[in-house]
Amino acid sequence: MGAALARLSSAGRRIRTLNSWTWTASVTSLLLIAPLLVVVFGLSAPANDLWPHLVDTVLAGYIVNTVGIALGVALGTAILGVSTAWLIAMCDFPGRAFFSWALVLPLALPGYIAAFVYGDLLEFAGPIQTALRDYFGWAKGDYWFPAVRSPLGAVVVLSLVLYPYVYLLVQTAFATQSATLIETGRLLGRGPLRIFRTLAVPLARPALVAGCALAVMETLNDIGVMELFGIGTFTTGIYRAWFGFGDIGAAARLATVLLLVVLAVLWAERRLRKSLRYHPENDRSRPVIRYVLRGRRAAIATLGCGLPVLLGFALPAVFLAWWHVRAGAPIDPAFPAIMLNTLGLALAATALTVAIAWLVVFGLRLDPAFVRPFARTAGAGYAVPGVVVAVGVLGLCSLFDHAVDDVSRMIFGVGTGLLLSGTVTVLLFAYAVRFLAVSMNALESSYHRIPSTLDAAARTLGVFPRGMLVRVHVPLLRGGIATAAALVFVEVMKELPATLILRPFDFNTLAVRAFEMAHEERMADAALPAIAIVAVGLVPLIVLSRRFLQPNVAAETSS
C-alpha cells in the first residue's frame, strides 16, 4: 500500500512539473503532425472515378519513375560527393583551397532552375545541337544526341545540384578520421586508392548514407524538374490530379502512397546508419599527411573538382545572366511586387518557424523524456515532400473552415465561409510543417553548447523558465538563431511544390514565377527571378561552410 501511494505521489509531482512551456511545446508539435495524419486518413474517403483510372494506367509508371530516379540520384550524388570529398580531405593539388568551399555552390541552385537551363541548352533547337549541325553539316536523323528531357536527364541534373549534401557530410567524416588508421594502411604498403576503398569509405558510410538520404528526400520532393522534363512521378501526378482534374481525393491517395515511400526511405536510412556505427579513435593531435598530387594526377584532381562546380553552378548561372542581358536586361513590371511577396512571405515564415522551433527545443530541454516523442515526430516534416504537406494542410484547414462555418450557421444563422483556405496563413503553416526540422537542428546544436549547470543555477536563484529563456539562453543562442533563420529563409525562397499548390489566387513568388516562365519557354522572363533566387541562395552557404566544413586535420604534406 505504501509503495502504491509513493508511486501515485511521484506521478502527481511529475504532472505538476510539466509546466505551461512543456505542454505548449507538446501541443504545438501535435498540431504540426496533424496534416500528415489527415493525408493518411484520406485513404478512408470514398474513391472517385479518377483513382481507378490512375491505378490502371499511370500508377505503375509513377512508381517506376519515382523509385528509379531516386536510386539514380542516390548513386550519382554518392559518386560525385565521395570522390570530391576524398580529394579535398586527403589530397593536395592546385585549387584545393578554392574547391573546398566552391563545391558547395550548387546547393544555391534549385533543381528546376538547372532543369530549364539544361533543357534549353541541350534540346534539338538549343545552341549546342544547332552548333553541331552547322559545323558538321548534319541534318535531323544523321546523329544521336542524348535526350535531356528524360528520366536519365533528371538524374543527371538533380545529381549535379544535390551532391553537396553528400560532399559536406563525407568530407567532414574523412577530415575527422583517425590519423593512426590511415598511417597504418600506408605502413602496410597500401596505396591511396586501396586506403580509400578499404579504410576511408567504410568508416564514412554513416555520413554517406545520411547524405544520400537527404538527396533522395529532395528528389522525392521535386516537382519542377519532373514537370519541365515531362516525367510522370508521384509529385507531378498529385499536382495534375488536383489542378488538372480537380480530384482532391485522388491527389490524397497518391500523396499517401508517396508518404509510405518516404517512410520506407527513412526506415532504411535509420537501419543502415544504426548498423554502420563506427567509433574510431579520433587523434587530432596527429594530423593526417595529405597525398601531394603532381603532373597528370594533379590535373585530373583539379578537373574532377572543377567539373561539378562548373556544371552544377557556374554554367547555369552564366547562361541565366546571358539570357537576361541578351534580351536587353528587361525588368518585368510585376517583378517588384513578386519580390516583395517573396521577401514578406519568407520573413513571416522564418519568424513563425524559428519561434515554433525555439519553443519546441526549449520544452525539450526542460523535459526531454516527455517532449522528445512529439518533437521528433513533428521534425520529420522535412522528409515529407512539399506536395504531401500541401495536401495535408489544405485538408486540415478545410475541416476547420467547414466546422466553424457549420457552428456559425447553427448558432448565428450566418455562415463564415472559408477562413483559412486560400490565404497566406495556409502557406505559412505549410512552411512551418515542412521546415521545422531545419530550424530545430540549428537551435539544438547551439543548445548543446550551453551547460545544463547554467539552468540549474538559474533555478537555484528562483528564475522561472521565461526568465531563464530571456536572460540566460538568448545571449548564448544568437548564433544558432541566426543560422536557423538564414536556412529557413532561403528554403522558403526556393520552395516550389507547396507554394505552387497553396498560394492564394494571383499571388506569385520568385520560385513560382521562374517555373511558370520556364514552363512557357520564356527564358528571358524566367532569368531575372531565377537569378534572384540563386543570389539569395548563396547566403546560407557561408553558414554551411562554417558549420560543416571542418579544417582539414592535415597540416603536412607528403608525396
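Determine which member of the set PHE319, PHE313 is closer than 20 Å to ALA85 by Cβ, modelled with pLDDT of 85 or more, surrounded by 13 or more Cβ atoms within 10 Å (Cβ to Cβ) and assigned by TED's automatic domain parsing to the domain that holds ALA213.
Exactly one of PHE319, PHE313 is closer than 20 Å to ALA85 by Cβ, modelled with pLDDT of 85 or more, surrounded by 13 or more Cβ atoms within 10 Å (Cβ to Cβ) and assigned by TED's automatic domain parsing to the domain that holds ALA213, namely PHE313.
Name the residue that is surrounded by the fewest Cβ atoms within 10 Å (Cβ to Cβ), counting only residues in the range 88-109 that are touching a Ser or Thr at 6+ places or on another chain (Cβ under 9 Å) and either among the β-branched types (Val, Ile, Thr) or part of a helix (DSSP H, G or I) (or both).
Only one residue tops the list, namely TRP101.
Any residue that is closer than 22 Å to GLU516 by Cα and aliphatic (A, V, I, L, M) - is there at least one of those in the range 137-145?
No - not one qualifying residue is present in the range 137-145.
Wholly within the range 458-526, which helices (runs of 4 or more DSSP H) include no fewer than the required count, namely at least 1 residues that are modelled with pLDDT of 85 or more, small (Gly, Ala, Ser) and farther than 22 Å from ALA327 by Cβ?
Here the list reads 478-494, 497-502.
Looking for something modelled with pLDDT under 85, more than 19 Å from the chain's Cα centre (by Cα) and not in a helix (DSSP H, G or I) - is there at least one such residue anywhere in the range 204-216?
yes
I'm told CYS397 meets every condition in (1) surrounded by fewer than 21 Cβ atoms within 10 Å (Cβ to Cβ); (2) without any contact (Cβ under 8 Å) to a residue 40 or more places away in the chain except one. Can you identify the failing condition by its number?
Tallying (1) surrounded by fewer than 21 Cβ atoms within 10 Å (Cβ to Cβ); (2) without any contact (Cβ under 8 Å) to a residue 40 or more places away in the chain, CYS397 fails exactly one: (1).
If you check HIS324 against the conditions, is it part of a loop (DSSP other than H, G, I, E, B), modelled with pLDDT under 90, surrounded by fewer than 21 Cβ atoms within 10 Å (Cβ to Cβ) and of a type outside the set (A, V, I, L, M, F, W, C)?
For HIS324, the condition - part of a loop (DSSP other than H, G, I, E, B), modelled with pLDDT under 90, surrounded by fewer than 21 Cβ atoms within 10 Å (Cβ to Cβ) and of a type outside the set (A, V, I, L, M, F, W, C) - is not met.
Just to be sure before I move on: is ILE231 surrounded by fewer than 20 Cβ atoms within 10 Å (Cβ to Cβ) and either under 18 Å from THR57 (Cα atoms) or not assigned by TED's automatic domain parsing to the domain that holds VAL384 (or both) in the structure I sent?
no
Residues of the range 403-417 being exposed (fewer than 10 other Cβ atoms within 10 Å of the Cβ) and of a type in the set (Val, Ile, Thr), which ones?
Selection gives ILE411, VAL414.
Could you run through the range 229-250 and say how many residues are of a type in the set (Gly, Ala, Ser) and either assigned to a loop (DSSP other than H, G, I, E, B) or modelled with pLDDT under 85 (or both)?
Residues that pass the stated criteria total 5.
Listed residues ALA348, ALA329; which is surrounded by fewer than 18 Cβ atoms within 10 Å (Cβ to Cβ), aliphatic (A, V, I, L, M) and part of a loop (DSSP other than H, G, I, E, B)?
ALA329
May I ask you to verify whether ALA378 is under 21 Å from VAL262 (Cα atoms), modelled with pLDDT under 85, buried (at least 19 other Cβ atoms within 10 Å of the Cβ) and of a type in the set (A, V, I, L, M)?
Criteria met by ALA378.
Checking the conditions here, which among LEU293, LEU199, LEU266, LEU272 is at pLDDT 80 or above, aliphatic (A, V, I, L, M) and in contact with a helix residue (DSSP H, G or I) (Cβ under 6 Å, 6 or more places away or on another chain)?
Sole residue among the options that is at pLDDT 80 or above, aliphatic (A, V, I, L, M) and in contact with a helix residue (DSSP H, G or I) (Cβ under 6 Å, 6 or more places away or on another chain): LEU293.
The values are calculated or read from the model by the stated rules, or taken from the named source; none is laboratory data. The shown structure was predicted, so the numbers you read here are calculated from the model rather than taken from an experiment. We place every Cβ from the backbone using ideal geometry, glycine too, and count neighbours over all the protein chains shown.
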